[in-house]
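Q: So that we are looking at the same thing, I have put the structure below in structure tokens.
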Amino acid sequence: AAALARDIGTYHIDVNIDSIIQAILSVFSMFTGKMPKFKAHGGTQVENMALQNIQARARMVTGYLFAQLINWTRGKSGSLLVLSSANVDESLVGYMTKYDCSSGDLNPIGSICKNDLKSFVLHCKDMFGFPSIDSFISAVPTAELEPITENYTQTDEEDMGLTYNELNDIGRIRKIDRCGPFFMYKRLSCMWEMPPKELGDKVKLFFQKYAINRHKSCVVTPAYLCEQYSPDDNRFDLRPFLYNPKWDVQFREIDNTIKSGVLAKQHTAPSTTTLDTVTKKM
């Protein structure tokens with residue numbers, strides 16, 4: 001980040017928020033008599049998630065504090081806007097903490113998937129000659145919120161259970177082609193070389209995460225709209241945010257198709273009329 005800031009010609013401040021986290025946890029411990037632990041240190045999944053979320057939210061609060069006062073410390077007037085950093089893939093499956101660094105005044109990458117964002121960054125490297133991009137463009141995406149051990153390093157794709165390449169296809173089919181779980185399964189069966197059961201499980205996992213975390217899209221930071229597949233709720237995507245995460249009818253159709261062993265070799269997206277009918281029934 002510091003190297004990229006130098007390339008761009010802007011300020012960079014490295015703020016350690018460990019003391020902030022410890023202060024918040026001390027307050028929690030004072031009132032409850034308990035101190036949560038990371039999963040790597042013997043804690044439960046609930047403790048592990050809470051410790052990640054408090055870090056993420058502390059970053060947001062600290063970011064807003066510096067944005068409001070940093071000009072004052074430099075003898076300048078006014079305040080700065082906070083840019084948030086959640087992309088489309090993270091928003092679709094809720095891989096972000098509500099009111100964390102995905103929250104801000106404007107999200108310049110909020111309507112772009114990871115793959116397109118990477119292509120855009122590489123384009124900037126070629127156009128502007130920023131050497132710092134080489135240092136992170138191939139890095140494994142990680143939230144960096146869990147302790148690193150000999151046997152475990154947190155990564156985005158492992159946390160989500162889906163790769164960014166998979167989410168790239170799923171996001172486009174969900175939004176542009178307006179496919180629900182069953183038609184998503186049929187479409188992907190023609191695109192991915194994957195056993196039917198594994199494919200069905202991935203489709204189900206996506207739609208379960210999508211349904212459970214859809215409420216986060218209602219408070220997502222306004223994004224610069226540059227693609228059709230954005231999930232930005234109430235602005236670009238007007239579908240409801242309350243879903244039954246079991247998707248009983250749709251998932252049953254996927255299971256029946258897997259059991260029958262019949263997969264369409266070719267699949268053309270249904271017309272708008274057909275999709276509207278399917279939406280009412282499924």
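Q: Could you grab the pairs with beta carbons closer than 6 Å, sequence gap of 6+ or different chains, first residue in the stretch 199-219 and touching a residue at least 40 places away in the same chain (Cβ under 8 Å), second one in a helix (DSSP H, G or I) and of a type in the set (Val, Ile, Thr)?
A: Filtered contacts from the stretch 199-219: Gly200/Ile254; Gly200/Ile258; Phe206/Ile170; Lys209/Val93.
Q: Now for a different question. Kindly check whether there is at least one residue in the stretch 134-148 that is over 30 Å from Phe38 (Cα atoms) and out of contact with any Phe, Trp or Tyr (no Cβ under 9 Å at 6 or more places or on another chain).
A: Yes, the conditions are met somewhere in the stretch 134-148.
Q: Whether any residue in the stretch 141-152 is in contact (Cβ under 8 Å) with a residue 40 or more places away in the chain, open to solvent by 60 Å² or more (accessible area, probe 1.4 Å) and small (Gly, Ala, Ser) is what I want to check.
A: The answer is no; no qualifying residue exists.
Q: Restricting to the stretch 77-130, count the residues that are farther than 24 Å from Asp7 by Cβ and not in a loop (DSSP other than H, G, I, E, B).
A: Residues flagged as farther than 24 Å from Asp7 by Cβ and not in a loop (DSSP other than H, G, I, E, B) within the stretch 77-130 amount to 6.
Q: If I ask for residues that are part of a helix (DSSP H, G or I) and either under 26 Å from Gln45 (Cβ atoms) or among the basic types (Lys, Arg) (or both), which ones from the stretch 131-166 would you list?
A: Asp156, Glu157, Glu158, Asp159, Met160, Tyr164, Glu166
Q: Report whether or not Ser77 is without any contact (Cβ under 8 Å) to a residue 12 or more places away in the chain, of a type in the set (Ser, Thr, Tyr) and either touching a Phe, Trp or Tyr at 6+ places or on another chain (Cβ under 8 Å) or over 21 Å from Glu144 (Cα atoms) (or both).
A: So Ser77 passes the test.
Q: Is it fair to say Asn53 is polar (S, T, N, Q), touching a helix residue (DSSP H, G or I) at 6+ places or on another chain (Cβ under 6 Å), surrounded by 11 or more Cβ atoms within 10 Å (Cβ to Cβ) and under 26 Å from Ala139 (Cα atoms)?
A: no
Q: With Asp276, Asp255 as the choices, which residue is at pLDDT below 55, over 19 Å from the mean Cα position of the chain (by Cα) and either open to solvent by 70 Å² or more (accessible area, probe 1.4 Å) or more than 21 Å from Asp177 (Cβ to Cβ) (or both)?
A: After applying the criteria, what remains is Asp276.
Q: Right, Tyr185: at pLDDT 95 or above, of a type outside the set (A, V, I, L, M, F, W, C), more than 20 Å from the chain's Cα centre (by Cα) and open to solvent by less than 70 Å² (accessible area, probe 1.4 Å) or not?
A: It is true that Tyr185 is at pLDDT 95 or above, of a type outside the set (A, V, I, L, M, F, W, C), more than 20 Å from the chain's Cα centre (by Cα) and open to solvent by less than 70 Å² (accessible area, probe 1.4 Å).
The values are calculated or read from the model by the stated rules, or taken from the named source; none is laboratory data. Treat the numbers as computed from the prediction; the structure is a model and nothing was measured. Positions of Cβ are backbone-derived with ideal geometry, glycine not excepted, and every protein chain shown enters the neighbour counts. Surface areas here come from the heavy atoms of the whole protein model, side chains and all, with no ligands, DNA or RNA. Shrake-Rupley method; radii C 1.70, N 1.55, O 1.52, S 1.80 Å.
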